[in-house]
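Below is one structure, written out as structure tokens; comments come after it.
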Ligand SMILES: Nc1ncnc2c1ncn2[C@@H]1O[C@H](COP(=O)(O)OP(=O)(O)OP(=O)(O)O)[C@@H](O)[C@H]1O
Ligand SMILES: [Mg+2]
């Protein structure tokens, strides 16, 4: 779990500029800055989180609290809620089975949808979260190894990101520009794709691959 959190944060920080550029086209250009700020705080807190590793849900809870308290905009509370809800779904666990990862991810996605009063098709991070959750659920139920599950999630998220280019935003700042949001990819959905790619890499490394 710690390696997964670390991998996600490092990836987001590496892509800070790209995420800002995407947000610049349809929003206010701060998505990379917002996310990287939260991720730097999380990386700094990793040693503290190491101490709570008896409960994997606590690690995600800690990450969620950092996003909520340290990150502004919509992404802070939304990503914060993603991690809080994901943490609640694996509360008390000391080990994660593949299905636990998927349930946690889906609980996080549902939390974002509830807080954001948004759903698939609004051109938000949900257009990556929900398809990725479904793809991973299918692979997990088929008994696939975690590495394959995250690979399927990353592919589905990538397709979801691609789809956000074709649709008009109806939530968030991008909704203000209406039809002009068409043709641009959603930054939040891109962050979710980066998360799944990082999870895939981490699980492949953990597997020695
Ligand atoms: N209601 C919502 N539900 C789900 N995701 C949302 C919602 N509103 C915005 N987002 C996601 O947040 C991303 C923008 O995050 P950012 O860090 O730029 O915060 P922001 O500038 O305050 O955003 P915004 O002004 O779009 O609400 C979008 O790309 C989108 O994926
Ligand atoms: Mg923004």
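Readers should treat all values here as calculations from the given coordinates under stated rules, not as data from a laboratory. The model shown is predicted, which means the values in this text are computed figures rather than measured ones.
Would the range 97-136 count as rounded, prolate or oblate if I go by the C-alpha gyration tensor, calling it rounded below 1.5 in a/c and otherwise prolate when a/b exceeds b/c, oblate otherwise? Because a/c hits 1.5 or more and a/b fails to exceed b/c, the range 97-136 counts as oblate.
Using only the alpha-carbon atoms, how far is helix 56-70 inclined from the longest principal axis of the chain? Give it as 0 to 90 degrees, nearest 10. Approximately 30 degrees, to the nearest ten.
Taking the C-alpha atoms only, the angle from helix 16-26 to the longest principal axis of the chain is near 40 degrees. To the nearest ten degrees, helix 31-50 and the longest principal axis of the Cα atoms of the chain are 10 degrees apart. Cα centroid separation, the range 92-133 to the range 1-22: 18 Å. A Gaussian network model of the chain, with springs between Cα atoms under 10 Å, assigns the largest mean-square fluctuation among 77, 47, 187 to 47. Can you give the helix-only mean residue ellipticity at 222 nm for the chain, where every DSSP H stretch with n ≥ 4 adds -39500 (n - 2.57) and the sum goes over all residues, rounded to the nearest 500 deg cm²/dmol? Taken over the chain, the calculation gives -24000 deg cm²/dmol. Between 189, 89, 166, the residue with the greatest mean-square fluctuation in the GNM of the chain (Cα pairs under 10 Å linked by springs) is 166. Distance from the Cα centroid of the range 60-87 to that of the range 167-209 is 17 Å (rounded to whole angstrom).
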